[in-house]
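What follows is a single structure, written as structure tokens, with notes after it.
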Amino acid sequence: MRNPLLGRIRQSANALGERLYGGECMSFKQIVNLLWPLFFDQLFLQGINMLNTVMIASYGPEAISAVSLVGSFTIFVTSVFIAIATGCAVVVAQYCGKRERHNASDAAAQAVTSTLIITLVISAGLYIFTDVIVELLLGKAEPLTKEYSRILLKGNVVSFPLFGVMQTVLSALRGSGNTKASVFFSTGINALYVLINIVLLYMLRYGVQGLVISMIACRAIFAVLAILYMLYPKNELRATPRSFFKINLRLQKSILFIAIPTAMEQVFFHGGRIVTQVFIVGFGTMSTTANAVVTTLNQLLMVSGQTISIALLTIVGQCIGMGSIGEAKRYIKRATYTGIAACALTSIVLLPLLNPLLAVYNLPPEAHSLAFGACMMLLVGTPLTWCVSFITPSGLRAGGDARYSTIVSLICMWGVRVGVGYILGVLLGFGLYGVWLAMFSEWAVRGVVFQLRASGSNWHSHSVIEN
């Protein structure tokens, strides 16, 4: 028997949600159905990242450092693939908003083709120069850290084409609003990754080689499954085998209109992160280890914001496709405010859990002390600065304003994070804390610039798709 009071509360909540978030393009119920699978996907993903870091921690601080440093470089490289996936998501979302599913399907297939070609070329080059890259990134690191990093980097490079294909398919599904299918793939690969890691790292004691084996195996399995799903007759974005091989210049142009500036933005952004990582390597193994742990916890803190940022590409893209500019602006503003509130709430929840979370990493005393201090900084700094810096530009990109985001990212990353990070961390001797303070400063500056852009009209005046 249903409780009448609960029924009234649910009705009132739905009515409030519809008043705050519902609109012509999407109802509140549609937005909730878009968000909740993405939220649990992001939460699961970050939880798995933490678990993997904990598992590899049993092999010593050198292993943690190697995973963190190689992870930063691979994110830098895969940002190019993610940019194509972002372009795909925007184009698919806008075509879905125009109710042109056939064009959305063809765009998804074209994005997969572009990604595969680009990833194969990049992977071949990186594999040849693996040793050179490790020496450039880890010049002052300990020999064991370098050896672990070589193994991890080669494994990542081999799996890049598989990763790129899977991410592009997932972005296409999100762009169409089919987040449940995208979450199935994302959750499935991460769950399998953990299970294989438990066997290889804990039971068989394969170390970093185990991480590489499980990563390649999982990405291969799910890349194949993603392509098969694209060909599945009941998939709304169903593609024909021919659509993967026949180049459509019109759709490629639309995808690359978003992808190229987004790729440049990500390259500038993650390139700056790598430079600051080099600063941190110079502070010693304890700082590098602490930074790896704090970065993992920060990703957990940003789960709600990341969820909203990903969903906003679909929501604003479909609004633009329908021609509802006013509603697109409203969603960007509401999404940013909601992200700030959710991130602040997460900080409050994590505060009393901070010591237990750090304890599971079994860090040396010096690394633990550094990690605790940096975590206290991020619990305050992330809610205040991250959402305005990353959720808002996600909505701007959905309107085709990727070039502007690229210029802002270039100036802020290299002018603020790298420049101020060097002054505070290296010259003034604040070390790891100086680098993190510079990062929050960069987010704050970016946030102000993007808020001003979102309040204007230039960001949605671009023509992404052709009629």
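The values are calculated or read from the model by the stated rules, or taken from the named source; none is laboratory data. Note that the structure is predicted; figures quoted are calculated from it, not measured. Here the Cβ is made from the backbone with ideal geometry for all residues, glycine too, and neighbour counts use every protein chain on show. For the accessible areas, the whole protein counts, side chains as well, though only heavy atoms, and no ligand, DNA or RNA atoms are used. Shrake-Rupley method; radii C 1.70, N 1.55, O 1.52, S 1.80 Å.
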Looking at the structure I just gave you, is Thr74 open to solvent by less than 40 Å² (accessible area, probe 1.4 Å) and modelled with pLDDT under 75?
no
Selection from region 416-425 of residues touching a Gly at 6+ places or on another chain (Cβ under 7 Å) and either among the basic types (Lys, Arg) or open to solvent by 10 Å² or more (accessible area, probe 1.4 Å) (or both) yields Arg417, Val418, Leu424
Is it fair to say Glu62 is under 27 Å from Phe129 (Cα atoms) and either of a type in the set (D, E, K, R) or touching a strand residue (DSSP E or B) at 6+ places or on another chain (Cβ under 8 Å) (or both)?
yes
Suppose we keep only residues that are outside any helix (DSSP H, G or I) and not charged (D, E, K, R) within region 237-268. Which one would you say is surrounded by the most Cβ atoms within 10 Å (Cβ to Cβ)?
Leu237
Limited to region 150-186, what total is found for residues that are in contact with an Asp or Glu (Cβ under 6 Å, 6 or more places away or on another chain) and more than 25 Å from Arg99 (Cα to Cα)?
1
Given Glu18, Glu24, Glu100, which one is surrounded by fewer than 21 Cβ atoms within 10 Å (Cβ to Cβ), in contact (Cβ under 8 Å) with a residue 12 or more places away in the chain, of a type in the set (Asp, Glu) and closer than 30 Å to Lys333 by Cα?
Glu24
Do we have any residue at all in region 167-178 that's on the phi > 0 side of the Ramachandran plot and part of a loop (DSSP other than H, G, I, E, B)?
yes
Filter region 171-208 down to the residues that are of a type in the set (Ser, Thr, Tyr) and closer than 16 Å to Ala226 by Cα, then identify the one that is surrounded by the most Cβ atoms within 10 Å (Cβ to Cβ).
Ser171
Limited to region 52-67, what total is found for residues that are over 21 Å from Ile196 (Cβ atoms) and open to solvent by 20 Å² or more (accessible area, probe 1.4 Å)?
2
Just a yes or no: is a residue in region 171-189 among the polar types (S, T, N, Q), closer than 22 Å to Phe81 by Cα and touching a Pro at 6+ places or on another chain (Cβ under 6 Å)?
yes
Under 7 Å between Cβ atoms, at least 6 apart or on separate chains: pull out the pairs that start in region 160-177 with a residue that is in contact (Cβ under 8 Å) with a residue 60 or more places away in the chain and end on any residue that is among the basic types (Lys, Arg) and open to solvent by 30 Å² or more (accessible area, probe 1.4 Å).
Leu162/Arg219; Phe163/Arg219; Met166/Arg219
Per the list (1) assigned to a helix (DSSP H, G or I); (2) among the aliphatic types (A, V, I, L, M); (3) closer than 21 Å to Ile84 by Cβ, residue check on Leu200 breaks on (3)
Residue in region 298-314 that is small (Gly, Ala, Ser), outside any helix (DSSP H, G or I) and either over 15 Å from Val91 (Cα atoms) or at pLDDT 85 or above (or both) present
no
When (1) part of a helix (DSSP H, G or I); (2) open to solvent by 40 Å² or more (accessible area, probe 1.4 Å) are applied to Lys234, the one that fails is (1)
Given the structure, is Phe430 farther than 29 Å from Pro261 by Cβ, surrounded by 16 or more Cβ atoms within 10 Å (Cβ to Cβ) and without any contact (Cβ under 8 Å) to a residue 12 or more places away in the chain?
yes
Going by what's in this entry, would Val224 be described as crowded, with 16+ Cβ neighbours inside 10 Å and part of a helix (DSSP H, G or I)?
no
